Amino acid sequence: MYTISDVAKLLGITAYTLRYYEKEKIIAPIRNANGERIYDDSNLAWLRFVMRLKQTQMPISQIREYAQLYLEGEHTAQARLNLLENHSNSIQSQIRNLTATEKMLKDKIAAYKNFLAKETGIH
């Protein structure tokens with residue numbers, strides 16, 4: 001079992017972020033007798049997954065939708081699959097755009113290096 005500060009330190013996020021995820025109904029830690037949030041290993045695994053989704057630009061609204069579908073039970077498996085497949089398609093589009101942008105930047109950098117080499121006589 002972990003406290004909110006333990007989880008924040010383990011995951012490299014703030015306690016504020018954890019409280020925000022709770023407010024958004026993305027995670028629901030249990031409370032101890034003093035009302036303090038208590039997290040377990042399954043909460044940590046879920047939060048790591050959430051953080052990955054955030055890194056891939058999945059909106060909080062979609063993460064919340066996925067979390068709610070999961071809590072509703074097995075009958076939502078198709079909806080969860082659809083949501084993840086749609087996000088995977090979005091990631092593939094991001095990758096294509098980033099690859100094209102990287103190529104454009106490399107070409108521009110090479111052009112500048114070529115220009116500067118000619119200007120200074122350095123080859």
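The values are calculated or read from the model by the stated rules, or taken from the named source; none is laboratory data. The structure presented is a predicted model; accordingly, all values stated were derived computationally and were not measured. Cβ sites come from the backbone with ideal geometry, for glycine too, and all protein chains shown count toward neighbours. For accessibility, only protein heavy atoms count, side chains too; no ligands or nucleic acids. Shrake-Rupley method; radii C 1.70, N 1.55, O 1.52, S 1.80 Å.
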Roughly how big is the chain's charge dipole about its Cα centre, with Cβ charges of +1 (Lys, Arg) and -1 (Asp, Glu), in debye to the nearest 20?
-> 540 debye
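State which helices in the chain qualify, where a helix is a whole DSSP H run, it must extend 24 Å or more along its own axis by its Cα atoms, and its mean Kyte-Doolittle hydropathy must be at least -1.0.
Result, helices passing both filters: 77-120.
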If contacts are Cα pairs under 8 angstrom and at least 6 residues apart, what is the relative contact order of the chain in percent?
-> 17 percent
GNM, the chain, Cα, under 10 Å: largest mean-square fluctuation among 23, 103, 113?
-> 113
Between (1) 11.4; (2) 12.1; (3) 7.9, which matches mean projected area of the Cα convex hull in nm² calculated for the structure shown?
-> (1)
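Summing +1 for each Lys or Arg and -1 for each Asp or Glu, what net charge is found among the other residues whose Cβ lies under 14 Å from the Cβ of residue 63? Write down the numbers at each step before the final one.
Values: positive: 23, 25, 48, 52, 54, 64, 80; negative: 22, 24, 65.
Result for the neighbourhood of residue 63: +4.
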Hey, any idea what % of region 42-102's accessible area is carbon plus sulfur with a 1.4 Å probe?
-> 53 percent
For the chain, dividing by residue count, accessible area per residue (probe 1.4 Å) in Å² works out to 72 Å²
